[in-house]
Structure formats: C-alpha cells, structure tokens
C-alpha cells in the first residue's frame, strides 16, 4: 500500500530529524514526536488488517489525527529551535501528502 510506504519513509525522516534534539528532551517532545510518527504507518497497517471497511476507515481517521498531532509537535520543535525551517517544510509536505492519500483512500471505502 503506497500510503503505508510513504508513512514508513516519513517515520525514517522524522527519526533522523530528531536524533540531534537536546538530550533532556529524550523523554519529552522527542519521544512524543516519534510515537506520533510511528502510529501513522502502524494504524494504516492495523486498519488494513481489519475485517471491515468500517473499521479500516476508523483507523484511517486515527492516522489523519496523528498527522495533525505530528505537525503540531514539529512546529513546537521549530519554535524551540530544535529543527530548521527547511526540514520542517519538507516534513510538513510529506505529512500533507499522506493526509491527502488518507482522505482519498477513506473516500474510496464508501
């Protein structure tokens, strides 16, 4: 599934982007960001493995929310000086692409 592949790529990029965050944030925003990004591909996979379109759509809604959560956390990280604007822009573009794919996939399940 292409959206799952994009989500895995995003997770890899986010892990790279957060590897140099301050050590004191290891259990703070770094951990939160990483949990959010991993949940995107995980929920796509779990939803696809469910027995009904209705359940799949529910998990796609979770994915959409996780994308919004991740974007917020990355913006906070930029405001704190942990991440550059160029990296934030690149990650935001990937997040938006995934959200569009999720929207289309969810609509196709009707």
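Readers should treat all values here as calculations from the given coordinates under stated rules, not as data from a laboratory. The structure displayed is predicted, hence computed values, not measured ones. Cβ: placed from backbone, ideal geometry, glycine included. Neighbour counts: every protein chain shown.
Quick rundown of the values:
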{"quantity": "The chain, helix-only ellipticity at 222 nm - DSSP H runs n ≥ 4, -39,500 (n - 2.57), divided by all residues, nearest 500", "calculated": "-28000 deg cm²/dmol"}
{"quantity": "Label of the coordinate-derived value, Rg and Dmax of the Cα atoms in Å, listed as [x] 14.2, 46; [y] 19.2, 62; [z] 13.1, 39", "calculated": "[x]"}
{"quantity": "Euclidean distance between Cα centres, the range 83-110 to the range 1-49, Å", "calculated": "13"}
{"quantity": "Which of 62, 103 has the fewest Cβ neighbours within 10 Å, and the rest in rising order", "calculated": "103, 62"}
{"quantity": "Extension reserve of the residue 23-residue 54 stretch, reckoned as 0.36 nm per residue once the Cα distance is removed", "calculated": "7.0 nm"}
{"quantity": "Point-to-point label distance, residue 86-residue 109, nm (Cα→Cβ direction, 7 Å offset)", "calculated": "3.8"}
{"quantity": "Ranked list, fewest to most other Cβ atoms within 10 Å of each Cβ, for 57, 19", "calculated": "19, 57"}
{"quantity": "Proxy reagent accessibility, fewest Cβ within 10 Å first, across 2, 26, 78", "calculated": "2, 26, 78"}
{"quantity": "Angle in degrees between helix 85-108 and the longest Cα principal axis of the chain, rounded to the nearest 10", "calculated": "10"}
